[in-house]
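Visitor: Below is one structure. I have some questions about it.
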Amino acid sequence: MSTEDFTYAEVGATREQGHCPPGFRSLHMRTRIGEGEEVFRRASEAVLTWEMHRALGLGIEASAERAAPGVDVTLSVAGIVRAPCRVVWTTEEARRVGWAYGTLPGHPESGEEAFVVDRTGDGTVWLTVTAFSRPARWYTRAAGPAARGFQHAYVRRCGVVLRRLCAGVPEP
């Protein structure tokens, strides 16, 4: 995949746990979703098919129904703020499923964000959101710490929404 359209140089860096390129702010949040294989399966599908993002109330325009490298996706908030992105990597393993997108020109931030569902040895299902970013538009620069607060609230809400989407799935 060509990296020339992205608004940052280290495309794919969210694969490296704990890595944050110089000049970016990092974010890492892990939320317990539930327990068992069915919760893992349900959470994985909700993340891979944009369902979690839609349940957050975001508008989604995607070039495919599932996350896959090279898929373009534009997230929108109330149809006003548009955030164009491209999926840079995916993983679909027995106990770990997820993807990351990188920002394209026009996104309010510059950087990358990953959404990964994993099932630990004791059967607990977690959502981990990892990101690195910096302001890319005048309004995100002007918002300063408030923009950072919005990003943290958004990531916390991802966990709440995914847990709610999986609430009807029987646990072992």
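Each row is one residue, and each column tells you yes or no for (1) surrounded by fewer than 19 Cβ atoms within 10 Å (Cβ to Cβ); (2) modelled with pLDDT of 95 or more; (3) assigned to a helix (DSSP H, G or I); (4) not aromatic (Phe, Trp, Tyr).
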site: 3; (1), (2), (3), (4): yes, no, no, yes
site: 18; (1), (2), (3), (4): yes, no, no, yes
site: 23; (1), (2), (3), (4): yes, no, no, yes
site: 33; (1), (2), (3), (4): no, yes, no, yes
site: 44; (1), (2), (3), (4): no, yes, yes, yes
site: 65; (1), (2), (3), (4): yes, yes, no, yes
site: 68; (1), (2), (3), (4): yes, yes, no, yes
site: 85; (1), (2), (3), (4): no, yes, no, yes
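Visitor: Only one of 74, 120, 103, 140 is over 13 Å from the mean Cα position of the chain (by Cα), surrounded by 14 or more Cβ atoms within 10 Å (Cβ to Cβ) and among the polar types (S, T, N, Q); which? Let's see the steps before the verdict.
Guide: Values: 74 fails: over 13 Å from the mean Cα position of the chain (by Cα); 120 fails: surrounded by 14 or more Cβ atoms within 10 Å (Cβ to Cβ); 103 fails: over 13 Å from the mean Cα position of the chain (by Cα).
Of the residues listed, the single one that is over 13 Å from the mean Cα position of the chain (by Cα), surrounded by 14 or more Cβ atoms within 10 Å (Cβ to Cβ) and among the polar types (S, T, N, Q) is 140.
Visitor: Is it the case, given these coordinates, that residue 119 is free of Cβ contacts under 8 Å to residues at least 24 places away in the same chain and under 18 Å from residue 159 (Cα atoms)?
Guide: Considered against the rule, which asks whether it is free of Cβ contacts under 8 Å to residues at least 24 places away in the same chain and under 18 Å from residue 159 (Cα atoms), residue 119 comes out as no.
Visitor: Would you confirm whether any residue within segment 119-128 is farther than 26 Å from residue 45 by Cα, of a type in the set (Lys, Arg) and not in a loop (DSSP other than H, G, I, E, B)? Let's see the steps before the verdict.
Guide: Restricting attention to segment 119-128, the residues satisfying the condition of being farther than 26 Å from residue 45 by Cα are none.
Within segment 119-128 (the criterion being farther than 26 Å from residue 45 by Cα, of a type in the set (Lys, Arg) and not in a loop (DSSP other than H, G, I, E, B)), the answer is no, since none of the residues qualifies.
Visitor: With the condition kept exactly as written, say whether any residue in segment 154-169 is touching a residue at least 12 places away in the same chain (Cβ under 8 Å), more than 19 Å from residue 8 (Cβ to Cβ) and in a strand (DSSP E or B).
Guide: No.
The values are calculated or read from the model by the stated rules, or taken from the named source; none is laboratory data. Just so it is clear, the model here is predicted, and its values are computed rather than measured. Quick reminder, even Gly has a Cβ in these numbers, built from the backbone with ideal geometry, and neighbours come from all protein chains shown.
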